[in-house]
Amino acid sequence: MRAIGSSILTAVLAALLVAAPAASGAPVVRGSVEQVHVTGAPPGARAVLLHRGERVAVRRAGRLGGVVFRDVRPGRGYRVRIGARRPSRPVRVLSTRPAPPSERIYRQRLPAGGYGYLTTRDGTKLAVNVTLPGPPEEGPYPTLVEYAGYGYANPKGGQSSIQAILRLLGYAVVDVNMRGTGCSGGAFDFFEPLQGLDGYDVIETVARQPWVAHGKVGMAGLSYGGISQLFVAATRPPSLAAITPLAVIDSTITTLYPGGILNTGFALGWAKERVHDALPASPEGGQAWALERIREGDRVCERNQALHDQAVDLIAKVRANRYYRPEIADPLAPVTFAHRIRVPTFLACQWTDEQTGGHCPALASRFTGTDKAWFTFTNGVHPDSLDPQVLTRWYDFLELYVARRRPALPDAVRDAAGAIYQAVLGIPGVTLPPDPIQAQPDYASALAAFEAQPRVRILFDNGAGTPQPFAPLASFEQSFSSWPIPGTQARSWYVGDGGTLADAPPAAGGGEDRFTWNPAARPPTSLAGNPANGPGGLWTADPGYRWEPNPPGTAAVWTSAPLAADTAVIGAGAVDLWIQASVPDVDLQVTVTEVRPDGRETFVQNGWLRSSLRALDRRRSTELE
């Protein structure tokens with residue numbers, strides 16, 4: 001589907017980036033954001049990037065005739081010579097400045113419902129799928145964008161999209177595939193600056209559609225679609241109304257390399273999936289829905305595959321960056337740029353999330369660019385950001401800051417909640433809780449009541465609330481004005497003799513524990529069955545955990561005396577260890593549990609460290625030769 005107004009857009013891009021259209025059959029050269037792209041080159045041809053006659057870089061065209069030159073200094077006068085051909089006409093390379101050279105690119109029209117393509121500032125076409133909650137003539141509608149590298153734009157159903165929920169809530173939804181994925185053009189790299197600027201272009205284009213209410217849009221999404229919101233919002237699109245990131249990370253490195261140990265349990269597998277999904281659509285790789293569309297005659301999708309084999313090798317990038325390098329790690333860490341986000345924000349995550357890890361609460365103190373940011377933290381697994389107590393407040397936020405109307409949850413959603421949670425978790429009788437914001441008589445009262453709430457909300461013992469055990473409800477909650485929680489007091493325990501934790505440091509020579517590591521012993525399998533939905537999976541009422549004691553030779557254990565009173569532990573913790581080992585390196589895992597009176601344990605948190613990456617106390621440490 002070709003966007004209305006594409007002739008105007010093509011003329012603007014030709015003037016800014018290409019300088020002149022290529023002859024039929026000739027390679028096409030475009031400037032991008034710190035990149036230069038070539039399509040239509042002979043496969044394997046030698047491509048030389050020139051700047052004012054000087055050679056800048058040399059690459060070979062991929063099997064589909066595409067070339068991507070990266071890390072190119074912004075400026076004019078870049079040309080590309082393909083083989084023995086004359087150099088191309090000059091093109092301009094753009095900077096990472098959020099605002100584009102011209103806002104005319106935002107005049108393009110998207111379908112008022114259905115599948116299409118959105119053209120970004122460098123001429124790349126992104127696949128989009130628009131879903132309206134009713135006929136276009138009954139609009140305009142409050143609108144939300146979902147943006148990720150999954151198959152969001154698949155018109156037959158977006159992968160991991162929450163579009164169905166949003167539509168029931170009365171929102172138009174624009175699902176967008178990131179560049180280099182599915183039917184979108186370009187080449188993929190994990191949250192490169194260009195990806196954030198594509199998001200900027202998406203927001204500004206969608207906001208100008210006639211079916212969009214108020215001329216502004218919000219963002220929604222969980223996990224990948226939640227993390228992307230942080231990157232896009234940091235570019236500050238003027239037409240962005242609000243964001244609602246759910247189940248997100250604070251930093252790529254805390255998920256990928258916790259304590260310096262490569263996370264092969266989830267993160268590495270996820271990266272391999274992204275490599276596969278970014279391949280050109282074929283029976284061997286890429287996203288299956290894109291191949292299906294190509295076979296059905298979608299020529300735009302077919303042409304958009306040309307640069308897919310120029311994707312960055314994420315696995316090589318992971319292997320090459322096991323140590324913290326600020327220039328690599330910081331641009332991929334929302335904690336380093338959350339202060340640039342200025343729009344109202346509703347963020348929710350789990351500190352026991354099996355996929356993203358437990359560091360998300362660190363973001364709360366970094367949102368200094370807006371005084372309209374609210375955070376909900378709870379225990380639970382990855383999808384628990386849509387549990388009933390979170391969903392109602394998330395809905396209130398969307399209504400107030402995107403739809404600009406008094407929250408009044410549709411009866412269809414409230415009636416369907418029980419069936420939805422039973423289908424997902426197998427638990428009957430789960431209903432949405434009463435909500436004081438929705439009880440307000442008008443928009444102004446609801447907004448005032450919402451904004452009077454403390455910024456930080458903690459849901460305790462998720463899974464232990466009513467109506468029955470394992471229901472996705474907390475047993476109690478508390479709210480606070482800021483994070484870290486004001487008035488908290490640090491408490492320390494010390495390793496004592498006989499496997500005890502004491503309130504005071506041990507006497508000299510005490511507090512040690514020795515065990516001989518048994519290389520044949522391995523910690524027990526912690527989960528039976530499928531890691532997601534299905535029998536024994538995590539996203540069910542009763543996950544198939546088999547949490548057994550560590551075999552001899554795999555752990556040292558210390559236990560404190562019974563606590564004198566109920567104690568809430570909120571915030572970060574640390575374990576200081578002094579170890580002696582007869583091997584060159586030791587990987588450490590610390591597990592904190594609550595021991596019940598009957599001796600059974602409840603998991604609290606884990607932490608990891610590769611000992612060679614420790615902070616050295618040179619007075620007490622021996623460095624290996």
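Based on this model, can you work out whether R73 counts as open to solvent by 40 Å² or more (accessible area, probe 1.4 Å), out of contact with any Lys or Arg (no Cβ under 9 Å at 6 or more places or on another chain) and at pLDDT 95 or above?
Numbers: open to solvent by 40 Å² or more (accessible area, probe 1.4 Å): yes; out of contact with any Lys or Arg (no Cβ under 9 Å at 6 or more places or on another chain): yes; at pLDDT 95 or above: yes.
Yes: the conditions hold for R73.
Only one residue in A416, A348, A412 is in contact (Cβ under 8 Å) with a residue 60 or more places away in the chain, out of contact with any Gly (no Cβ under 6 Å at 6 or more places or on another chain), open to solvent by less than 10 Å² (accessible area, probe 1.4 Å) and within 24 Å of V173 (Cβ to Cβ). Which one?
On the way: A416 fails: open to solvent by less than 10 Å² (accessible area, probe 1.4 Å); A412 fails: open to solvent by less than 10 Å² (accessible area, probe 1.4 Å).
Every option except A348 fails the conditions.
Could you check, for the stretch 480-498, whether at least one of its residues is closer than 24 Å to H382 by Cα, within 28 Å of the chain's Cα centre (by Cα), open to solvent by 40 Å² or more (accessible area, probe 1.4 Å) and free of Cβ contacts under 8 Å to residues at least 12 places away in the same chain?
Checked against the condition, which is being closer than 24 Å to H382 by Cα, within 28 Å of the chain's Cα centre (by Cα), open to solvent by 40 Å² or more (accessible area, probe 1.4 Å) and free of Cβ contacts under 8 Å to residues at least 12 places away in the same chain, the stretch 480-498 yields no hits at all.
Is it the case that the stretch 156-175 has a residue that's assigned to a strand (DSSP E or B), modelled with pLDDT of 95 or more and of a type in the set (G, A, S)? Steps first, please.
Taking the stretch 156-175 and keeping what is assigned to a strand (DSSP E or B), we get 172-175.
Checking the rest, the ones that are also modelled with pLDDT of 95 or more come to 172-175.
Among the residues that remain, those that are also of a type in the set (G, A, S) are: 172.
Yes: the stretch 156-175 contains one or more residues that are assigned to a strand (DSSP E or B), modelled with pLDDT of 95 or more and of a type in the set (G, A, S).
Identify the single condition in (1) surrounded by 24 or more Cβ atoms within 10 Å (Cβ to Cβ); (2) farther than 26 Å from A417 by Cα that V173 does not satisfy, given that it satisfies every other one.
The number of the failed condition is (2).
Do we find a residue being touching a residue at least 12 places away in the same chain (Cβ under 8 Å), farther than 19 Å from T244 by Cα and outside any helix (DSSP H, G or I) anywhere in the stretch 381-401?
No, that holds for no residue.
Just one of the numbered conditions (1) touching a helix residue (DSSP H, G or I) at 6+ places or on another chain (Cβ under 8 Å); (2) open to solvent by 10 Å² or more (accessible area, probe 1.4 Å); (3) of a type outside the set (S, T, N, Q); (4) closer than 28 Å to A364 by Cα is not true of I203; which one?
(2)
Keeping to the stretch 118-133, report how many residues are part of a loop (DSSP other than H, G, I, E, B) and open to solvent by less than 20 Å² (accessible area, probe 1.4 Å). Reasoning before the result, please.
Of all residues in the stretch 118-133, those part of a loop (DSSP other than H, G, I, E, B) come to 120-124, 132-133.
Next, only the ones that are open to solvent by less than 20 Å² (accessible area, probe 1.4 Å) stay: 120-124.
Qualifying residue count, the stretch 118-133: 5.
Go over the candidates A565, A528 one by one and state the one that is hydrophobic (A, V, I, L, M, F, W, C), touching a Lys or Arg at 6+ places or on another chain (Cβ under 8 Å) and either modelled with pLDDT of 75 or more or farther than 29 Å from L363 by Cα (or both).
Values: A565 fails: touching a Lys or Arg at 6+ places or on another chain (Cβ under 8 Å).
Exactly one residue qualifies, and that residue is A528.
From the set of residues in the stretch 351-399 that are touching a Lys or Arg at 6+ places or on another chain (Cβ under 6 Å) and among the β-branched types (V, I, T), which is surrounded by the most Cβ atoms within 10 Å (Cβ to Cβ)? First the steps, then the outcome.
Let us first name the residues in the stretch 351-399 that are touching a Lys or Arg at 6+ places or on another chain (Cβ under 6 Å), namely 369-370, 374, 376, 399.
From the residues that got through so far, the ones that are among the β-branched types (V, I, T) too are 370, 376.
On the way: T370: 15, T376: 22.
Among residues in the stretch 351-399 that are touching a Lys or Arg at 6+ places or on another chain (Cβ under 6 Å) and among the β-branched types (V, I, T), the one surrounded by the most Cβ atoms within 10 Å (Cβ to Cβ) is T376.
If you check A581, A615, which single one turns out to be closer than 28 Å to C360 by Cα, loosely packed, with under 13 Cβ neighbours inside 10 Å and modelled with pLDDT under 85? Before you say what the answer is, go through the steps one by one.
Numbers: A581 fails: closer than 28 Å to C360 by Cα.
Step by step, each of A581, A615 is checked, and only A615 is closer than 28 Å to C360 by Cα, loosely packed, with under 13 Cβ neighbours inside 10 Å and modelled with pLDDT under 85.
Return the total of residues in the stretch 410-453 being under 23 Å from F480 (Cα atoms) and of a type in the set (S, T, N, Q).
Looking only at that region, the number is 4.
Return the residues of the stretch 151-169 that are open to solvent by 20 Å² or more (accessible area, probe 1.4 Å) and not hydrophobic (A, V, I, L, M, F, W, C); say none if nothing qualifies.
Pass one, the stretch 151-169, residues open to solvent by 20 Å² or more (accessible area, probe 1.4 Å): 154-161, 163-165, 167-168.
Residues satisfying the conditions are N154, P155, K156, G157, G158, Q159, S160, S161, Q163, R167.
Name the helices (runs of 4 or more DSSP H) wholly within the stretch 243-336 that hold at least 2 residues that are within 18 Å of the chain's Cα centre (by Cα)?
On the way: elements: 252-256, 267-277, 288-295, 299-303, 314-320, 326-329.
Hits in the stretch 243-336: 252-256, 267-277, 314-320, 326-329.
Within the stretch 282-290, identify whether any single residue is farther than 30 Å from A403 by Cα, touching a strand residue (DSSP E or B) at 6+ places or on another chain (Cβ under 9 Å), modelled with pLDDT of 95 or more and surrounded by 18 or more Cβ atoms within 10 Å (Cβ to Cβ), and answer yes or no.
Just the residues of the stretch 282-290 that are farther than 30 Å from A403 by Cα, to begin with: 282-290.
Now restrict to residues that are touching a strand residue (DSSP E or B) at 6+ places or on another chain (Cβ under 9 Å): 287, 290.
Adding the requirement that they be modelled with pLDDT of 95 or more leaves 287, 290.
So of that shortlist, the ones also surrounded by 18 or more Cβ atoms within 10 Å (Cβ to Cβ) come out as 287, 290.
Looking for residues that are farther than 30 Å from A403 by Cα, touching a strand residue (DSSP E or B) at 6+ places or on another chain (Cβ under 9 Å), modelled with pLDDT of 95 or more and surrounded by 18 or more Cβ atoms within 10 Å (Cβ to Cβ), one finds at least one in the stretch 282-290, hence yes.
The values are calculated or read from the model by the stated rules, or taken from the named source; none is laboratory data. Note that this is a predicted model, so its numbers are computed, not measured. Quick reminder, even Gly has a Cβ in these numbers, built from the backbone with ideal geometry, and neighbours come from all protein chains shown. We work out accessible area using only protein heavy atoms, side chains counted, and drop any ligands, DNA or RNA first. Shrake-Rupley method; radii C 1.70, N 1.55, O 1.52, S 1.80 Å.
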